[in-house]
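Data first, discussion second: the structure below is written as structure tokens.
What follows draws every value from the coordinates through simple rules; no lab data is involved. Here the structure is a predicted model, which means the values were calculated and not measured. Here Cβ is always computed from backbone atoms with ideal geometry, including for glycine, and neighbour counts include all displayed protein chains.
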Amino acid sequence: MNEQHSKWQTKEIAETFVEGVRGSIPGATLQLEVISKIISAWCPQPSIILDLGCGDGILGRMLLEEYTEARVIFADFSDPMLEKLRIKIGDNQRAKVINADFAMSDWSKTIESEKPFDIIVSGFAIHHQPDERKRGLYTEIYGLLSDGGLFLNLDQVSSATDSIGKLFDSFFLDYMKRFITNNRSNITMHEIEEAYYQDKKENIPAPVERQCQWLSDIGFEDVDCFFKTFELALFGGRKTSNNCIQADTAAPRL
């Protein structure tokens, strides 16, 4: 496989994505609540967490606040995004920021000294990778987890048809307009649309069912898609159930 470094467009596009596009993601609050519910049921006492492809670290920052004894490693390749992250976490001694390009198969060497992780979360980052790289990355993530470790991927997945994909775009744009109206953002609708469609040009989403099967084939247990709204999905699984909660092996009730 010919590996290619990841790229982020510009500092301005990164800014617009963080302040506009992500702020208008449908169901964002519910997504965080479901992630929190799954973790509290399956791995309620993590000591070290990895936020992979963290952007400005929205998932890791939530867990940093929720689990006050845990350390959180934030890894991403985008300097503009990591700059925003450093501002948001300040001098928190339980947080560490690492520049790591997970498009490259040797990315995990940059966090080798931090493993194993009890939890690995990723948000809207892995879908940019081609299928072969996604499978390889999931295998690498499995190797970084402790026994009982939990992997959750909040990501964009492919629609079943082009028609459904167009419906999703319309659905998302409606949320963008609502976001601007409610927040009186300095960012215009045109700027948000431009960032959204620029990002979408680089997407290589795969069906969530196929990705769940990859996770099962690798060895993850309790693999499931925990929710899906059009192209937005949360899915993942556990490495084993040795160190986390074993009393209830069923999926947590949401």
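Return the loop-located trypsin sites (Lys or Arg not before Pro) in region 181-210 (DSSP other than H, G, I, E, B) with at most 16 other Cβ atoms within 10 Å of their own Cβ; answer none if there are none. Please report the intermediate quantities before stating the final value.
Working: sites: ARG184, LYS200, LYS201, ARG210; in loops: ARG184.
Those that pass, being in a loop and sparsely packed, are ARG184.
Using DSSP to call loops (not H, G, I, E or B), can you name the GluC sites (Glu not before Pro) in region 66-173 whose Cβ has at most 15 other Cβ atoms within 10 angstrom? Walk me through the numbers on the way to the answer.
Numbers: sites: GLU66, GLU69, GLU83, GLU112, GLU114, GLU132, GLU140; in loops: GLU69.
Here the GluC sites (Glu not before Pro) that fit, given the DSSP loop and packing criteria, are GLU69.
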> Can you list the residues, at least 5 places off or on another chain, whose amide H is less than 5 Å from the amide H of ILE48, using H built in the peptide plane?
Replying inline: ARG71, ASP118, ILE119
> What is the distance, in nm, between label points placed 7 Å from the Cα along the Cα-to-Cβ direction at ARG94 and at GLU114?
Replying inline: 1.5 nm
>> Test of understanding: what is the full-extension gain from ILE164 to LEU30, defined as 0.36 nm times their sequence separation minus their Cα-Cα distance?
In response: 46.0 nm
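To the nearest 20 debye, what charge dipole does region 94-203 have about its Cα centre, counting +1 at the Cβ of each Lys and Arg and -1 at the Cβ of each Asp and Glu? Each step should come with its number before you reach the end.
On the way: 13 positive and 18 negative charges, 63 e Å.
That gives region 94-203 a dipole magnitude of about 300 debye.
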> Nearest 0.05, what FRET efficiency do LEU173 and ASP147 give at R0 = 51 Å with Cβ-Cβ as r?
Replying inline: 0.70
>> Please compute the modelled spin-label separation between THR181 and MET104, points set 7 Å along Cα→Cβ, answer in nm with one decimal.
In response: 4.6 nm
> Counting other Cβ atoms within 10 Å of each Cβ, which trypsin sites (Lys or Arg not before Pro) in region 47-102 have at most 16 and sit in a DSSP loop?
Replying inline: ARG94
